[in-house]
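Structure first, commentary second.
The values are calculated or read from the model by the stated rules, or taken from the named source; none is laboratory data. Just so it is clear, the structure is predicted and the values come from calculations on it, not from any experiment. Please note: Cβ atoms are built from the backbone with ideal geometry, for glycine as well, and neighbour counts cover all protein chains shown. Accessible surface areas use protein heavy atoms only, side chains included; no ligands, DNA or RNA. Shrake-Rupley method; radii C 1.70, N 1.55, O 1.52, S 1.80 Å.
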Number of protein chains: 2
Amino acid sequence: MLEQIQPTEDPLQMLIDNFKQFFPLSTNEQDEVKRLFTQRIVKRKVFLLQEGEVCRHYYFVVSGCFKMFAIDTNFREHNLQFAAEGDWIADFQSFYNEEPSRLYIEAVEPAIVLQIQHKDLLYLYTNYHKFDRNFRIIIERKLMEYQNRILLNISTNADERYVVFQKQYPQLINRLPSTQIASYLGITSEFLSKIRKKASGKKQ
Amino acid sequence: MLEQIQPTEDPLQMLIDNFKQFFPLSTNEQDEVKRLFTQRIVKRKVFLLQEGEVCRHYYFVVSGCFKMFAIDTNFREHNLQFAAEGDWIADFQSFYNEEPSRLYIEAVEPAIVLQIQHKDLLYLYTNYHKFDRNFRIIIERKLMEYQNRILLNISTNADERYVVFQKQYPQLINRLPSTQIASYLGITSEFLSKIRKKASGKKQ
DNA sequence: TTCAATCCTTAAACTAGTTTAAGGGTATTT
DNA sequence: AAATACCCTTAAACTAGTTTAAGGATTGAA
């Protein structure tokens, strides 16, 4: 497969447009965004963050796809989150507390991100009410997503979690290997195979 | 047991003090808090929210303890969260989108809360940068908590989740019946009994 | 073009967690 | 003081999900 990492639109404009769904940015605020966010091209399998490092940036994904995961004592990966076009990603705990992270962020496809440093984000928060407000809303939405996922994890079996994943992230189903999806769902890829077989049998 | 619902301190002062760990409120902002938050005394087993209702308030818990849960198609409860002194609780999805909730919030102990209406919170957000900022931080912290819980759910077994719960919420272990804790951990209370037996056996 | 790595599936044996049922214990309500 | 609801544990039978192993299919790298 050829690398399709060129977005059709200007990345910074994409970011500015993304803020429009909340409280649109003034010209001045847009200029600050242009000044403080840096574009970065990321090849497949490159890490934006590795365990033990401090998460220095907050990332807006322009194109491509990332996974954020932890590795347990048996060297198994557990996917906490995927992030594709229009998503934000960072390990908050590490980013805000400036402490070493337990997580990895890795490109599963060639990608483009816009990144902002901790101190620059704090500058935006301090000097512009709107960034505090917009990021409050971005984080609230992520919180709802996480809350729904927790509810799903404690109340349903793997079959149902897979069905919900298919409905919720149809664009990711075909982009990600099923090992990665299994890891996100909290099951083994062998068991996901069983689930898929059972499900395809039912339909036909 | 007698009802111990009288906090030692003035509830509104507790709330104002709570904000101090973030960005302390000015006198003017404190006055707005006093004007817009209402105290409410809640008896055990009383609901602040029931499925189908819109979540009209955001609650700060002054004393007592709540559980937020969903009921599945088999009429089983699944605890999404507990909230004790100093915690904030609401169903965000319902509160911000003003749509019917799928959740219940119920007092598991007699409690006192301070509640604010949606429109009044929006008023604070709009007119005072600091409330947007402080609530951004409150929500970020909740997000980290949820993220850790998801990681735990997808990467460990019930034994380990119980150990982590004990460490993380030592004050709740003795206040909540173990049926409620099992529901939070995503297991049956019968299985939690097994875990406890195994764990107590190991220690002696 | 070949080699190595990762991916996907299957199956058999195993283990973690559920279900159903039952009994005794403790609060809470009347 | 009695009645009721809820709580906690145990155990036996069951089911969901894991482990180990193996083989073929794709993909990426050299």
Query - Residue list for the range B:160-184, filter: within 13 Å of DNA strand D (Cβ to nearest atom), open to solvent by less than 50 Å² (accessible area, probe 1.4 Å) and either assigned to a helix (DSSP H, G or I) or within 11 Å of chain A (Cβ to nearest Cβ) (or both) - result: B:Y162, B:L172, B:I173, B:S178, B:Q180, B:I181, B:A182, B:S183, B:Y184
Query raised in the report: Only one residue in B:N148, B:N153 is outside any loop (DSSP other than H, G, I, E, B), out of contact with any strand residue (DSSP E or B) (no Cβ under 7 Å at 6 or more places or on another chain), within 9 Å of another protein chain (Cβ to nearest Cβ) and within 16 Å of DNA strand D (Cβ to nearest atom). Which one?
Result: B:N153
Query raised in the report: Has the range A:124-145 got at least one residue that is more than 11 Å from every other protein chain (Cβ to nearest Cβ) and under 29 Å from A:D31 (Cβ atoms)?
Result: yes
Query raised in the report: Out of curiosity, is B:K119 more than 9 Å from chain A (Cβ to nearest Cβ), surrounded by fewer than 15 Cβ atoms within 10 Å (Cβ to Cβ) and within 29 Å of A:I187 (Cα to Cα)?
Result: no
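Tell me, please, whether a residue that is farther than 25 Å from A:Y146 by Cβ and either away from DNA strand C (no atom under 16 Å from the Cβ) or of a type in the set (K, R) (or both) can be found in the range B:129-152.
yes
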Query raised in the report: Which of the residues spanning the range B:173-204 are more than 13 Å from DNA strand C (Cβ to nearest atom) and at pLDDT 95 or above?
Result: B:Q180
Query raised in the report: Could you give every pair whose Cβ atoms fall below 6 Å, whose first residue belongs to the range B:176-202 and is touching a residue at least 12 places away in the same chain (Cβ under 8 Å), and whose second residue is open to solvent by 40 Å² or more (accessible area, probe 1.4 Å) and of a type in the set (D, E), counting only separations of at least 6 or pairs across chains?
Result: B:S183/B:E77; B:I195/B:D159
Report task. Quick one: in the range A:44-75, of everything that is within 14 Å of chain B (Cβ to nearest Cβ) and over 19 Å from A:S183 (Cβ atoms), which residue is nearest to DNA strand D (Cβ to nearest atom)? Result -> A:C55
